[in-house]
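**Student:** First the structure, which I've put down as structure tokens, then a few questions once you've had a look.
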Amino acid sequence: MKSNRRKFLQNISVGTGAAIVGLPNISEAAQTSGSEDFLKPKGSQLFNMCGYAAPKMDKVRIGFIGLGNRGSGAIKRYIRIEDAEIVGLCDKDATKVSKSQKVISDVGLPKAKEYSGNDGWKAMCENPDIDLIYICTPWSLHTPMAVYAMNHGKHACTEVPAAKTIDECWELVETSEKTKKHCMMLENTCYDFFEQLTLNMARNGMFGELVHAEGAYIHNLIDSNFSKTAYSDMWRLNDNMDRNGNLYPTHGLGPIAQCLNINRGDKFDHLVSISSNDFQMGQMAKDLASKDDFFKEYVGKPFRGNMNTTIIKTNNGKTIMLQHDVTSTRPYSRIHLLSGTKGAALKYPEPGKIALGEDWMSEKELKEIEEKFTTPLVKYIGEVAKKVGGHGGMDFIMDWRLIDCLRNGLPLDEDVYDAASWSVITETSEMSVANRGKTVDIPDFTRGAWKNNQPVSLTLEGGGNTGVRKV
């Protein structure tokens, strides 16, 4: 499904900071400027992937694409999961493949088939001996690789965000529905310990009716973005040029979307978004270029603003405040706030706090709540996950849960509609920022199925039998 949405967005973005005066809502303008209605797909839902359980498999044979920071870390976790076989390793840099191969051989596991070069990933997706493709590449490759994998009979899971554009979101949804292959975005924050606790509490009505939620990704990455070695071919710095909005929405959004039952009883309806000016990246480019000619091409570029704030309203009248800032000098935060008619929860800058009333609970009261509402998943695998690691253990919980669901024929906690609706905030926020904070509608990727889709299961019923390998 293609449209002239990108061309339209470029036409209304007039320079770096120039005011855009008198423009109508972007959604309306796009629909009246000769483009198709980009909020809707062509045709109806092919198959509802929410709650879909793929056939069971005794073992899950996995091919990994991208063996940099995230991919190499995933290999170290997957060697600990029984019945998860690493059968393929791919990176355009063959030396990275060799390093991950050594991690596998050092624990006595069979050697994986190696793929390298710019198109090695296609050959791996075509391998009939692989069930799942695990994607840890630059953002622009997430959708093309996931789509190619599904079209070649593989389930796909991808690092965040799953897509960069509305068109890519629809492509993921339509491909997953057509092939009946799972497409999961690897949003690890949904498996963090406090986030799992508050999800269970919300499910049990402890906060009353949720009214408002907040999430964020606030992480000073300016040095990494300008590093020549942190991100291959400077891809992340390049993504921070010429795009102004929430470029990385899902870490803060995923857990609160699950608490609000988005796509499962409610949906995102519309948003407004505003970005500050850029106060640091442009200056850093100038400073570096004065010492190193390599950075001269970045001088004068229109970097995205330091802070983006996006407000989302849901169909059921709930509100969400979402922030993105990966430049400013301040402590890390994902926020994670839930506010309901009977209580609230808050994490960052302090550890998780809960109030069932107007006062925060004491440490003793919080421990009692944790004992009662810690999810079965965390109770089962949480302590092992802390030892294995991966952002404190949440990465391992996510990976173990994925394999357990595939082995036992269970629906995934995060389906393709979540991948699309959480990722689509990137382009829709860009559109609002470019139009001086005007309202932009958010597509309904479920095509109305959200009204009857069931919330994410918090039980281990039918699963919980995937072992952990000692290495």
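The values are calculated or read from the model by the stated rules, or taken from the named source; none is laboratory data. It should be emphasised that the depicted structure is a prediction, and the values quoted were computed from it without experimental measurement. Note: ideal-geometry Cβ built from the backbone for every residue, glycine included; neighbour counts use all protein chains shown. For accessibility, only protein heavy atoms count, side chains too; no ligands or nucleic acids. Shrake-Rupley method; radii C 1.70, N 1.55, O 1.52, S 1.80 Å.
**Student:** Which whole-number value in Å² is the accessible area per residue of the chain, probe 1.4 Å?
**Tutor:** 41
**Student:** Quote the charge dipole size of the range 354-431 about the Cα centre in Debye, to the nearest 20; the model charges only the Cβ of Lys and Arg (+1) and of Asp and Glu (-1).
**Tutor:** Magnitude of the dipole: close to 480 debye.
**Student:** Output the antiparallel fraction of DSSP beta bridges having both residues in the chain, as a percent to the nearest 5.
**Tutor:** 50
**Student:** Could you work out the relative contact order of the chain? I mean the mean sequence separation of Cα pairs under 8 Å and 6+ apart, divided by the number of residues, in percent.
**Tutor:** Computed value for the chain: 23 percent relative contact order.
**Student:** Another question, if that's okay. I'd like the carbon and sulfur percentage of the solvent accessible area for the range 328-404, probe radius 1.4 Å, heavy atoms only, ligands and nucleic acids excluded.
**Tutor:** Solvent-exposed carbon and sulfur of the range 328-404 make up 52 percent of the total.
**Student:** For the range 178-316, which whole percent of the accessible surface, found with a 1.4 angstrom probe, sits on carbon and sulfur atoms?
**Tutor:** Answer for the range 178-316 is 47 percent, counting heavy atoms of protein chains only.
**Student:** Here are labelled values, [x] 66, 22, 19; [y] 44, 29, 24; [z] 32, 29, 24, and one is the computed semi-axes √(5λ) of the Cα gyration tensor in Å for what I pasted. Which one?
**Tutor:** [z]
**Student:** Amide H neighbours of Val468 under 5 Å, counting only residues 5+ apart in sequence or on other chains, H built in-plane at 1.01 Å?
**Tutor:** Glu82
**Student:** Counting other Cβ atoms within 10 Å, which trypsin sites (Lys or Arg not before Pro) in the range 430-471 have at most 15 and lie in a DSSP loop?
**Tutor:** Working: sites: Arg436, Lys438, Arg447, Lys451, Arg469, Lys470; in loops: Arg436, Lys438, Arg447, Arg469, Lys470.
Passing sites in the range 430-471 are Arg436, Arg469, Lys470.
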